Amino acid sequence: MAAGDLTFGMQISSHEVSSAYGMVCRATEVLVPTSTEQLAAAIKSYAKLATKQPVHVRATHKYYHSTASFPCAAATAGQHDLPADSSAAMTVDVLMQGMDQLVTAGAAAKTITVQAGMTVSSMITIAKQQGLAVPLMAVPNYGGLTIGGIMATAATGTGTAGSPSALCDIVTNIQWVDGKGEVHSSDRSSPEGRAICGGLGVTGVVTQVTLQLQEAGKVLVRTNAHLADTRLMDDIEAMQKVSVRRSAATAAAAAAAAAAAAVAAACSSGGVSSSGVSGKCGSSSSSSSSSSSG
Ligand SMILES: Cc1cc2nc3c(=O)[nH]c(=O)nc-3n(C[C@H](O)[C@H](O)[C@H](O)COP(=O)(O)OP(=O)(O)OC[C@H]3O[C@@H](n4cnc5c(N)ncnc54)[C@H](O)[C@@H]3O)c2cc1C
């Protein structure tokens, strides 16, 4: 069967896929589906073809981040860049960047359902647009990783016991296409759900995922310093000095505020406080201490 017969109008890009680190996968076919139905139809056709010839299908995306060769359909024993025809099998890389959309958002349940080609950066942005937040410890710290890739490798964040420490910890439902082209919807806790998380994609292609998020917090962390590392130690020492000066200024302001409060308290009780703090009653700018000092 000719390659074009199998693609159902999906864009066939070049027969190569580059990783974020310059490695290259080569495959007989490279597909970019935009829907689960489109992908399922193509895999059904590959399944028919597989009765005559082995067909290896792998999901990944352009600029994939895995440094192991798992995303490459033609790869064996850790080698990424084998020629597409080095395998007796027909090799198909499915690029998921065409499936990166929000499907539904459930404000009350604090969930979002998104396509599996969505990146970490987009997931965080979309959650924010819904007034929700991704528990940050649940995801690795690279914005370009995809939801499907993170789940397949069980790549972890930095959460500790009792908090989400992997994306799979906040997944509630997974839609996926098996090797026959059948579409499934599996709870995270089902045997299929457990096999998909950390299964390196061998169960099938994950196409859509429902995530349990949380209400957005109000803390904003912003990094203002973008420094070259040519004067690393000098820069760190300079930042430490600024930090020490700020701490000293904050401590002085806190001490002054505490002293003023003690004076106000002493004045309002008509004398010197038990801690011996004294001050001029009526000199405070606070209206309560002014009125109580008469
Ligand atoms: C075993 C392993 C563990 C890793 N653990 C960590 C970690 O703990 N923390 C961390 O920061 N990084 C980790 N990495 C490195 C990197 O973050 C992961 O490889 C991450 O999955 C890369 O994301 P990606 O979206 O580029 O996936 P890709 O590199 O494209 O794919 C990675 C794997 O997932 C499969 N896959 C991708 N999309 C789908 C999909 N939609 N459906 C089914 N399968 C799919 C691929 O076929 C491949 O097997 C790990 C890598 C590996 C190989």
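Just a few scattered comments:
- Single residue of 35, 45, 86 found to be at pLDDT 90 or above and farther than 27 Å from residue 120 by Cα: 45
- Selection from the range 160-179 of residues that are closer than 14 Å to residue 192 by Cα and part of a helix (DSSP H, G or I): 168
- Taking the range 134-159 as the range and being within 11 Å of the chain's Cα centre (by Cα), over 30 Å from residue 45 (Cβ atoms) and in a loop (DSSP other than H, G, I, E, B) as the test, the residues that pass are 134, 135, 139, 140, 141, 142, 143, 144, 155, 157.
- Restricting the range 110-125 to residues that are of a type outside the set (S, T, N, Q) and touching a residue at least 60 places away in the same chain (Cβ under 8 Å) leaves a set whose member that is farthest from the ligand (Cβ to nearest atom) is 110.
- Residue pairs meeting the criteria (Cβ under 9 Å; at least 6 apart or on separate chains; first of a type in the set (Gly, Ala, Ser), in the range 198-210; second within 8 Å of the ligand (Cβ to nearest atom) and in a strand (DSSP E or B)): 198/166; 201/58; 201/59; 201/60; 204/59; 204/176
- Residue 148 more than 9 Å from the ligand (Cβ to nearest atom), open to solvent by less than 20 Å² (accessible area, probe 1.4 Å) and either in contact with a helix residue (DSSP H, G or I) (Cβ under 9 Å, 6 or more places away or on another chain) or at pLDDT below 90 (or both): no
- Residue satisfying all of: in the range 151-181; of a type in the set (Gly, Ala, Ser) and near the ligand (Cβ under 9 Å from one of its atoms); most open to solvent (accessible area, probe 1.4 Å) among these: 154
- Only listed residue being closer than 30 Å to residue 55 by Cα and touching a strand residue (DSSP E or B) at 6+ places or on another chain (Cβ under 6 Å), chosen from 190, 185, 165: 185
- Neighbours by Cβ (under 6 Å, 6+ apart or cross-chain): first from the range 55-68, at pLDDT 90 or above; second open to solvent by 30 Å² or more (accessible area, probe 1.4 Å) and not in a strand (DSSP E or B): 59/201; 61/97; 62/97; 63/20; 65/20
- Members of the range 254-282 found to be at pLDDT below 80 and β-branched (Val, Ile, Thr), listed by number: 272, 277
- Per the listing 139, 134, the residue uniquely crowded, with 17+ Cβ neighbours inside 10 Å, away from the ligand (no atom under 13 Å from the Cβ) and within 22 Å of residue 61 (Cβ to Cβ) is 134.
- Checklist (1) open to solvent by less than 20 Å² (accessible area, probe 1.4 Å); (2) away from the ligand (no atom under 13 Å from the Cβ); (3) of a type outside the set (D, E, K, R) applied to residue 185, failing item: (1)
The values are calculated or read from the model by the stated rules, or taken from the named source; none is laboratory data. The shown structure was predicted, so the numbers you read here are calculated from the model rather than taken from an experiment. Using ideal geometry, Cβ is built from the backbone for each residue, glycine included, and neighbour counts are taken over all protein chains shown. The accessibility values were calculated without ligands, DNA or RNA, using every heavy atom of the protein model including side chains. Shrake-Rupley method; radii C 1.70, N 1.55, O 1.52, S 1.80 Å.
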